[in-house]
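Below is one structure, written out as structure tokens; comments come after it.
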Amino acid sequence: MSNKTVQVVEDDGILAAHLQSMLTRLGYHPLPPIATGEAAIAAAMQNRPDIILMDIQLADNISGIAAAIQIQSSAHIPVIFLTAFSQESLLQEARAAAPYGYLIKPVLERELAATVSMALNRHALYQELQESRAALAESEANYRTLFEKSPLGIFRTTLSGKALLVNAEMARIVGCHSPEEAVANFTDLSCQLYANPERRQEFISQLQAHGEVNRFEYQGKRKNGDVMWISMSAKLRHDIAGNGSVIDGFAVDITEVRHSEEDRQKLERQIQQTQKLESLGVLAGGIAHDFNNILMAVLGHAELALSEISPMSAARDSILQIVTASRRAADLCRQMLAYSGRATFTLEQVDLCELIEEMLHLLRTSITKKAVLNLNMEHHLPFIKADPGQIRQLVMNLIINASDAIGTRSGVITISAGATRCDEDYLSKTELYEELTPGLYVHLEVTDTGCGMNAETRSRIFEPFFTTKFTGRGLGLAAAIGIVRAHKGALKVYSELGRGTTFKVLFPAMEDAQDQAPADNKTLTPWHGKGTVLLADDEESLRALGARMLEMLGFTVLTVSDGREALEIYQKRWKEIDLVLLDLTMPHMDGAQTFGELRRINPDVQVILVSGYSQEDVAARFAGKHLAGVLQKPYPLSSLQELLKGLDFQKSE
């Protein structure tokens, strides 16, 4: 028996009772009949019958058609119209109510059974369809939210490499502002996204072989060219939209993870190298100590023998050879001690440029005749606290190494010296990996145009007795790094196979203020200024030196490397900058141009020009242009102090 409820709406009481009787026999549960459209609407809202049999024409203000339309719009209850007529015009009007069927009066029981059953089945299918549509809409909304808000980059591409669909995160990964921009721009992923197009071919081959790929990592390029690393997983499937086989997958930006891993591996290598060098240093120091004791006995007895035998003895030459060999062995021991950091140093104030120039003749005679030795020295550098003998040994070792690298070919060896401000990051990338203090360093560079080194050779050059030659000196570079370590310095190596090598040694500049200024006949009187100075010079060592001198005189210093940078800084901070110190000759924008642009920003700007030309020539060139002063390179601290003391903005302390 069916438990479906049926509402009969019929103004003919006899027909209504007949319908009720037939419905009962058919197993339905008819509700009390209703005769008007208004009552039909109210009953439908209150009782919610499963189906309504509605007379199409009711003796009421509301017709059956109007009542059915209102019930359908509010309650979605299926309606079957009852009518004694089959006029096309009436049926056309009734279609607006979307009825589930028609019954022609008088109604036969078999027609009633068939029409009601079909209407109920149709309505059940309609409800299932609506539920399916609602579920599908909810699923699509959930998918869209997941797709758009996912922290993973989601994509669909063709096998040929055209982007079809990406989410916001994938667009961000590839450097685009929106998914639409990414799809429009990336039409050939092999060339546009992959740093190495062969990696995409590897990815496609794996995908075609297995149907899916998991955690495939590759180096890519963002839209602006920045390098990144991506890890992605994808599946190959057929696209019903007509794109053939497509690739669906997700991607993760692992650039930071990669960098962290590279930093970790680099740190591990640094620790291993440090431990290795320390172990070798302990070994070298121990050997040198014991070997020195043996040498003392050999050399001492040999010299005693020389004093006791006749000058005419045939053995005298042999003993002299023993003495010479022993002294060479002692030199070797001293180098081993230097490598281990146990050598005895006598530290004093050293002018690096002066020391190198004193050695110049010895250096020229020590290198191969095929090499040309050039000097590129910046004078008036800060002093360093060092053992002059050890620094000479260091320079000699580096020069001999450069000469050996050139060999029998023609080449050039260049010795350079200057000053550099080094920060923590720069110092952390040196060979010694020790915690060095950021600040001003005096650097020595030895560059050769020799054979250069590969990575494997580069990793072993500081090991004692390591050499790439059939015969070699063995301890030269090992002793060099020991000397640098003992002086709390740093060492960097730049080398390229077939292009040459540069060794850069850094020594801390002495902090004593009077050691920083070049020698000058004038006596400095105690004076300190106050204010902010913008210093522009394209020479790094001169910027460092100038900043140091100004800081000694009590100023806050901002440094830039050319005129353009000076203008950018001054435009932003001109109210706090009291003075601009400009080098006359700089790239991009020279001092004269910069001075003119500065006066456009602030007509009252105070500018001192620094030049290698004569002070009189520069002053004449800028006569009448309200220049605060001119300094001629090289200038002593006393000249700078005297010039600054005469400026109006200074407040002496």
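FYI, it's all coordinate maths here, none of it is from the lab. Computed from a prediction, not measured in an experiment: that's the story for all the values here. No Cβ is skipped: glycine too gets one built from the backbone with ideal geometry, and neighbour counts run over all protein chains shown.
Consider all pairwise Cα distances in the stretch 522-574 and report the whole-number % of them above 13 Å.
60 percent
Stretch R573-L304 to full length: gain in nm at 0.36 nm per residue minus the Cα-Cα span?
89.2 nm
Once amide H atoms are placed 1.01 Å from N in the peptide plane, what residues at a sequence separation of 5 or more from D387, or on another chain, have their amide H within under 5 Å of its amide H?
Long-range HN contacts for D387: E348.
Among the GluC sites (Glu not before Pro) in the stretch 413-464, which ones are in a DSSP loop with at most 14 other Cβ atoms within 10 Å of the Cβ? Mind listing them?
Passing sites in the stretch 413-464 are E434, E435.
What does the charge add up to near D188, with Lys and Arg as +1, Asp and Glu as -1, over the other residues with Cβ less than 14 Å from its Cβ?
That works out to +4.
I need the P(r) histogram for the stretch 179-221: all alpha carbon pairs, bin width 5 Å from 0 out to the longest distance, whole percents.
Computed distribution, short to long bins: 6, 22, 24, 21, 20, 7, 0.
Could you work out Rg/(2.2 N^0.38 Å) for the stretch 115-155, with Rg from alpha carbons only?
1.91
With Cβ to Cβ distances under 12 Å as the rule, what net charge do the other residues near P30 carry (K, R +1; D, E -1)?
That sum, taken over residues with Cβ under 12 Å, equals 0.
Restricting to Cα pairs below 8 Å that are 6+ residues apart, what does the relative contact order work out to for the stretch 545-619? Please round to a whole percent.
29 percent.
Report P(r) for the stretch 1-153: all Cα-Cα distances, bin width 10 Å, range 0 to the bin holding the largest distance, values in whole percent.
11, 38, 28, 10, 7, 5, 1, 0
Write out the chymotrypsin sites (Phe, Trp or Tyr not before Pro) in the stretch 18-116 meeting two conditions: DSSP loop, and at most 14 other Cβ atoms within 10 Å of their Cβ.
Loop-located and lightly packed - F85.
Going through the stretch 530-586, which trypsin sites (Lys or Arg not before Pro) have at most 11 other Cβ atoms within 10 Å and a DSSP loop state?
K575
Quick one: if you stick a label point 7 Å off each Cα along the C-beta vector at Q208 and R327, how many nm between them?
7.7 nm
For N224 and A314, what does the FRET efficiency come to when R0 = 56 Å and r is the distance between their Cβ atoms, rounded to the nearest 0.05?
0.10
Pull out the extension gain between D188 and T437, defined as 0.36 nm times the separation in residues minus the alpha carbon to alpha carbon distance; nm, one decimal.
Working it through step by step, the gained length comes to 84.7 nm.
Each label point is 7 Å from the Cα along the Cα-to-Cβ direction; what then is the distance between the points at S410 and E131, in nm?
9.5 nm
Kindly write out, for the stretch 589-605 in residue order, the coupling ³J(HN,Hα) from the Karplus curve 6.51 cos²θ - 1.76 cosθ + 1.60 (θ = phi - 60°), rounded to whole Hz, with x marking Gly and Pro.
Ordered by residue, 3J(HN,Hα) equals 8, 6, x, 5, 5, 4, 4, x, 5, 4, 5, 5, 6, 9, x, 9, 4 Hz.
Computed FRET efficiency, Cβ-Cβ of N142 and T24, R0 45 Å: what is it to the nearest 0.05?
My answer for the efficiency is 0.45.
Between K488 and V107, what is 0.36 nm times their sequence separation minus the Cα-Cα distance? Round to one decimal in nm.
125.9 nm
Given R₀ = 22 Å, what would the calculated FRET efficiency be for K645 paired with I601, taking r from the Cβ atoms and rounding to 0.05?
0.25
Would you mind counting up the charge near Q72? Only other residues with Cβ under 15 Å from its Cβ, with Lys and Arg at +1 and Asp and Glu at -1.
+1
State the percent of C-alpha pairs, over all pairs in the stretch 87-187, separated by a distance greater than 22 angstrom.
Result: 60 percent of Cα pairs exceed 22 Å.
Quick check: pseudo-label points 7 Å beyond the Cα along Cα→Cβ at D12 and K266, how many nm apart are they?
Reported label-point gap for D12 and K266 is 9.7 nm.
Of the cross-linked pairs K530/K625; K370/K492; K370/K488; K162/K266, which ones have a Cα-Cα span greater than 28 Å in the structure shown?
Beyond 28 Å between Cα atoms: K370/K488; K162/K266.
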